[in-house]
Amino acid sequence: MKVLVINKHGQPLMPTTPCKARLLLSSKKAKIIGRDPFTIQLIYGSSGYKQEVTLGIDAGYENIGFSVITEKSELIGGELKLLEGVSERITERSNYRTQRRNRLRHRIKRFDNRRRLEGWIAPSIQHKFDAHIKLIERIKSRLPISKIIIETAKFDIQKIQNLDIEGKGYQEGEQLGYYNLTCYIRHRDNYKCQNPDCKGKSDVLQIHHIGYWKKKPDRSNRPGNLITLCDKCHTPANHKKGKFLFGWEPKTKSFKPETFMSTIYRKLLDAFNAEQAYGYETKFYREKLELPKTHHNDAFVIAGGTTQIRTEPLMLEQIRRNKRSMSQFYDAKYIDSRTGEKVSGSILFSGRRKRNKNLNGENLRVYRECKVSKGQRRIKKLCYKYSPDDYVEFEDKVYRVVGMQNLGTGVKLANYPGVKNKVVNINKVKSIKRRVGICEQGCRSS
């Protein structure tokens, strides 16, 4: 892969080879100013010869493909995996904020002061749109881009589901006629528990969030994320890893990517005065070149690539910068008298579902034999220097950080010889690389 170069005034130049970059760095004629992609800045003056350079962007909801080409070669290309779970974290933040404000008895009302500016879009969509802007701006700051081509697609979501829809039909969604979402979900599922192994011992139906088990839980109330279960199947125990609710995937197709592109495509084109490309064109030329379906290859075709010398793809990901949650709850552990195993208190629960409705199940607290460990709430009091997946140097070797310990005085290192996670004093390690924002995927071996 080429090494990107900018002059002493910060203007991007044409890339150079790794060999020449090493010579410039060793002779103190250049310095490292960035990674992902690796970039150096010249210390001496250079006018710099520039060619026509085209940037192709395969915009997307979860991944962004990018490729920069000249007439003869591809200078840089790869994919960026966007951060997940933004919408869930925004909802969690909103809940915390509501609780905090409700504790202020005489707080002056301020909801009349809030206004949505023209062009406002939902925060979760805004976050993904900003990620597109950041990636393109980073590439533009390190390569002399002369033209930008972005693949966008406009979809009529309801037209996809119903080809004959027109007029008033656009105002009538799939929940038309149902005053309550839960009524619609139960009707859609024929008022039956959707667990294929349900024994049918209960007629009490409840609504379950399908994506709750994911690393970044999907708690949205869209119909595709909801399903009907009876109260015998919808228990905390069945949410645990290895049980049937853990790993349950939605049966209906999500149109989030299409909705996202329909929302931001015009803003994205206007932000860079870019040319527009369409998906069907990209597919035609990619298949003509016999290239496999990847975001990187799509971006190469979008940029106008044909016979150019390809480069190894740079795989990037977007890492969360800060975890603002100040507290963490750990459930108590008990011995289950039926099996003798150690389980959490949430599994051996009282069976009560709601205070205002009689939806109680079996009282499992009677099986709590003895408490092994009590529940605790840990409060984060400090902002630690290192985060998980950062890289540090210890004893002349590079290690990946697992986490912090002892109120930030210790660093837990992965893959230390003979020790699974070694804890060393924070003053004995040297920072090599922080994995925040847009950075390279995976980790390099120590």
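The values are calculated or read from the model by the stated rules, or taken from the named source; none is laboratory data. The model shown is predicted, which means the values in this text are computed figures rather than measured ones. With ideal geometry, Cβ positions are generated from the backbone for all residues, glycine too; neighbour counts draw on all protein chains shown.
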Just one of 337, 344, 350, 373 is over 37 Å from the mean Cα position of the chain (by Cα) and at pLDDT 75 or above; which is it? 337
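Given 299, 332, which one is of a type in the set (A, V, I, L, M, F, W, C), over 19 Å from the mean Cα position of the chain (by Cα) and assigned by TED's automatic domain parsing to the domain that holds residue 375?
Working: 299 fails: assigned by TED's automatic domain parsing to the domain that holds residue 375.
When all the criteria are applied, what remains is 332.
Which residues, taken from segment 133-156, are assigned to a loop (DSSP other than H, G, I, E, B) and polar (S, T, N, Q)? Before the answer, list the steps.
Looking only at segment 133-156, we keep the residues that are assigned to a loop (DSSP other than H, G, I, E, B), and these are 143-146, 152-156.
Passing the criteria: 146, 152.
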Output for segment 305-352, where each listed residue is closer than 28 Å to residue 386 by Cα, surrounded by 11 or more Cβ atoms within 10 Å (Cβ to Cβ) and not charged (D, E, K, R): 314, 315, 316, 318, 319, 325, 328, 330
If I go through segment 212-231 residue by residue, how many of them are modelled with pLDDT of 80 or more and farther than 15 Å from residue 181 by Cβ? 3
When every residue in segment 41-71 that is in a strand (DSSP E or B) and among the small types (Gly, Ala, Ser) is compared, the one surrounded by the fewest Cβ atoms within 10 Å (Cβ to Cβ) is 65
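When residues of segment 165-211 are filtered for being among the acidic types (Asp, Glu) and modelled with pLDDT under 75, how many remain?
Taking segment 165-211 and keeping what is among the acidic types (Asp, Glu), we get 166, 172, 174, 189, 197, 203.
From what's left, modelled with pLDDT under 75: 166, 172, 174.
Going through segment 165-211 one residue at a time, the tally reaches 3.
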Considering each of 130, 112 in turn, give the residue that is acidic (Asp, Glu), outside any loop (DSSP other than H, G, I, E, B) and within 15 Å of the chain's Cα centre (by Cα). 130
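Any chance segment 50-58 includes a residue that's more than 19 Å from residue 136 (Cβ to Cβ) and in contact with a Gly (Cβ under 8 Å, 6 or more places away or on another chain)?
Applying the first criterion (more than 19 Å from residue 136 (Cβ to Cβ)) to segment 50-58 yields 51.
This time we only want the ones that are in contact with a Gly (Cβ under 8 Å, 6 or more places away or on another chain), so: none.
No - not one qualifying residue is present in segment 50-58.
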Output the number of the condition that residue 31 fails; it satisfies all remaining conditions of (1) of a type outside the set (Val, Ile, Thr); (2) free of Cβ contacts under 8 Å to residues at least 24 places away in the same chain; (3) under 21 Å from residue 272 (Cα atoms). (3)
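Could you tell me how many of the residues in segment 390-413 are within 22 Å of residue 439 (Cβ to Cβ) and either free of Cβ contacts under 8 Å to residues at least 24 places away in the same chain or among the polar types (S, T, N, Q) (or both)? Steps first, please.
Filtering segment 390-413 for residues within 22 Å of residue 439 (Cβ to Cβ) gives 390-394, 397-404, 411-413.
Keeping just the survivors that are either free of Cβ contacts under 8 Å to residues at least 24 places away in the same chain or among the polar types (S, T, N, Q) (or both) gives 401-404, 412-413.
Number satisfying all stated conditions: 6.
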List pairs: first in segment 275-291 and without any contact (Cβ under 8 Å) to a residue 24 or more places away in the chain, second polar (S, T, N, Q) and part of a loop (DSSP other than H, G, I, E, B), Cβ under 8 Å, 6+ apart or cross-chain? 289/306
Can you confirm whether segment 232-244 contains a residue that is out of contact with any strand residue (DSSP E or B) (no Cβ under 8 Å at 6 or more places or on another chain), under 30 Å from residue 60 (Cβ atoms), of a type outside the set (D, E, K, R) and modelled with pLDDT of 80 or more? no
